[in-house]
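Enquirer: Next up is a structure, given as structure tokens.
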Amino acid sequence: MSRFSPTMPSLRAILLLPALLRTALAATADEWRSRSIYQVMTDRFALANGTTPIVCNQADGYYCGGQWKGIHDQLDYIQGMGFDAIWISPIVAQMPQWTADGMSYAGYWQQNLYDINLAFGNSTHLHDLIDAVHARGMFFMLDIVVNHMAWNGHPDDIQYQILQPFSDQKYYHKYCPSGYSDDDLSNLEECWLGSPEVPLADLDTGDPIVRQLFSMWIKTQVWKWGVDGLRIDAGINVEPDFFPDFMEAAGVFATAEVYTSHEDIMCTWTDKIGSSLNYPLYWKITEAFQSSDGDMSALGDMMKSERSACKDSSLLGTFSENHDVPRFANHTTDMSRAENVAAFIIMADGIPVAYQGSEQHLQGGTNPFTNREPLWETGYDRTAPIYKLYNTLNLVRRHAIRSDGGFTKYPSDIIHQDDHTIAMRKGNDGAQTITVLSNTGADSSDASVQLCQGHGFSSNTKLTE
């Protein structure tokens, strides 16, 4: 991949250039466009200083000991990659006990929205973390759930009075198991996620009282903690019409998990919320780069299609890994391909989102969840190739944004595409960047690409690679 060069001699390597009254920075969507987000899974990111590590068997689904103090202590590590926003796991009180499906370490088995998860620390630790994030000029994104509450046991045995603030069965849809398919959106919106052993009681988010309680809650959360943005879990499982009033109450930018491969479905939610994590593009990224037989044309086609389907596709979250999908290195351990994927995430359209551990080339999968590795076991290696590459890529992206105020809104033009290569031009004339990416892998021979048009440079222009 090259920052500017119309020709590229080798595709083997990638070269690119006050404590009591906390308030959010109230960052706008435009300000979030310019940010790069690092996703932190609190329980698996960092132990507090002086904590003795425990054996962390991911397949068992136990808490492994990560805390907010640990994140605070490793902010230098995150900022060393050039990321200027962090997204952390949900903070609210969870189902405390061991279950047949493990424990609530991920943060999505909530039982009381008014309390915090003490497994991650206390309120002072959380305030200290957020204050430290803001002191560095970084944004803080909070993961939240508006779809469900959790229970350990059979759906018929739920003691609704312990689920706060939705403490009555009348606030929930009648039980039906989710089919987990976007072929039936009504099922996704009204039926229950989880399992028969750990059902996630589906809130009736069409109920005016439920909506009012959520609006009051999120307004308080944003003010209390100083939240700059939200990540909304299971967004596709909540009817789109819920979100306009909720977003108005929140008063901050949000991006949602809309788990679908169809861009038209994703954009239905995106247009109500403002942003979604770009799952349709995620699958095309994986398919394009995981082998030399990858489909580059489908990747370019999806980028174009999303611009037509969404009101503003430049606000979509561009990612290649998260805690719910296999790591890219689970598909291929080839470092060159992983570097090309990292470059795509940072330099293509949308808001870059990198999942903790991708910089260490971790290889976990999802059956069982082995993609939630305790990052402290890597030693936070700052010499890792992708760690250093992220820093370079984020520097280049920030330079491009400073040089061209319209860079983040400029839709990438596909100026070259073949079986193994894609070249994208982004930015207005005089400040454009050219990114060239390949799926051929580390063992391929050197190759060159001739970019004859669309790059915006005149002949004999001296460029920086």
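We did not get these values from a lab; they are worked out from the coordinates using the rules stated. All of these numbers come straight from a predicted model, not from anything done at the bench. Glycine gets a Cβ as well: all are built from the backbone with ideal geometry, and neighbour counts include every protein chain shown.
Enquirer: How big is the dipole moment of the chain about its Cα centre under a simple scheme where the beta carbon of each Lys and Arg is +1, that of each Asp and Glu is -1, and everything else is neutral? Debye, nearest 20, please.
Expert: Numbers: 31 positive and 57 negative charges, 353 e Å.
Computed charge dipole of the chain: roughly 1700 debye.
Enquirer: For labels at Asp157 and Asp207 in the simple 7 Å Cα→Cβ model, what's the distance in nm?
Expert: For the pair Asp157/Asp207, the computed spacing is 2.3 nm.
Enquirer: Output wanted: per-residue J couplings in Hz (rounded whole) for the stretch 248-265, from phi through Karplus 6.51 cos²θ - 1.76 cosθ + 1.60, θ = phi - 60°, x for Gly and Pro.
Expert: Karplus values, whole Hz, x for Gly and Pro: 4, 5, 5, x, 9, 5, 9, 10, 10, 7, 10, 7, 7, 9, 9, 5, 5, 5.
Enquirer: What is the projected area of the convex hull of the Cα atoms of the stretch 341-465, averaged over all directions, in nm²?
Expert: On the way: hull surface 39.4 nm².
About 9.9 nm², averaged over all directions.
Enquirer: If a/c stays under 1.5 just call it rounded; otherwise compare a/b with b/c (prolate if a/b is bigger, oblate if not). Do that for the chain, with a ≥ b ≥ c from the square roots of the Cα gyration tensor eigenvalues.
Expert: Here the chain falls in the prolate category.
Enquirer: Right, next: Need one word for the stretch 54-191: rounded, prolate or oblate. Basis is the Cα gyration tensor (sqrt eigenvalues a ≥ b ≥ c); a/c below 1.5 gives rounded, then a/b vs b/c decides.
Expert: Verdict is prolate for the stretch 54-191.
Enquirer: Within the set of other residues whose C-beta is less than 14 Å from the C-beta of Tyr62, count the net charge using Lys and Arg as +1 and Asp and Glu as -1.
Expert: Numbers: positive: Arg44, Arg372; negative: Asp43, Asp60, Asp101, Glu373.
Every neighbour counted, the sum reads -2.
Enquirer: Using the 10 angstrom Cβ neighbour count as an exposure proxy, how do Ser34, Ser438, Ser336, Ser403 rank, fewest first?
Expert: If I rank by nearby Cβ atoms, fewest first, I get Ser403, Ser34, Ser336, Ser438.
Enquirer: Going by Cβ distance under 4.7 Å, what cysteines of the chain have no possible disulfide partner?
Expert: Within the chain, the cysteines lacking a partner Cβ under 4.7 Å are Cys452.
Enquirer: Would you mind calculating the gained length between Ser292 and Asn49 on full extension (0.36 nm times residue separation, minus the Cα-Cα distance), in nm to one decimal?
Expert: 83.1 nm
Enquirer: While we're looking at this one, here's another question. Where both partners of a DSSP beta bridge lie in the stretch 24-410, what percent of those bridges are antiparallel, to the nearest 5?
Expert: The antiparallel fraction comes to roughly 30 percent.
Enquirer: Straight-line reach from Lys174: which lysines have Cα under 19 Å away, leaving out those fewer than 8 places along the same chain?
Expert: Qualifying lysines at Cα under 19 Å: none.
Enquirer: Ok, one more. If you plug each phi of the stretch 215-230 into the Karplus form 6.51 cos²θ - 1.76 cosθ + 1.60 with θ = phi - 60°, what whole-Hz ³J(HN,Hα) values come out, in order, with x for Gly and Pro?
Expert: 5, 5, 5, 5, 4, 5, 4, 4, 5, 5, 9, x, 7, 9, x, 10
Enquirer: Can you list the residues, at least 5 places off or on another chain, whose amide H is less than 5 Å from the amide H of Val92, using H built in the peptide plane?
Expert: Close amide H contacts, sequence-distant or interchain: Asn117.
Enquirer: Each residue of the stretch 202-212 in turn: what ³J(HN,Hα) in whole Hz from Karplus with 6.51, -1.76, 1.60 and θ = phi - 60°, glycine and Pro shown as x?
Expert: 7, 6, 7, 6, x, 6, x, 5, 4, 4, 5
Enquirer: Filter the cross-link list Lys272/Lys311; Lys69/Lys224; Lys304/Lys388 down to pairs whose alpha-carbon distance in this structure exceeds 20 Å.
Expert: Lys304/Lys388
Enquirer: Next question, about the same structure. Which value in deg cm²/dmol, rounded to the nearest 500, describes the helix-derived mean residue ellipticity at 222 nm for the chain, given -39,500 (n - 2.57) per DSSP H run of n ≥ 4 and division by the residue count?
Expert: Per the formula, -8500 deg cm²/dmol.
Enquirer: Right, another one. Which of Met303, Met335 has the fewest other C-beta atoms within 10 Å, and how do the rest follow up to the most?
Expert: Met335, Met303
Enquirer: How much length, in nm to one decimal, is gained on full extension between Cys176 and Asp264, taken as 0.36 nm per residue of separation minus their Cα-Cα distance?
Expert: 29.1 nm
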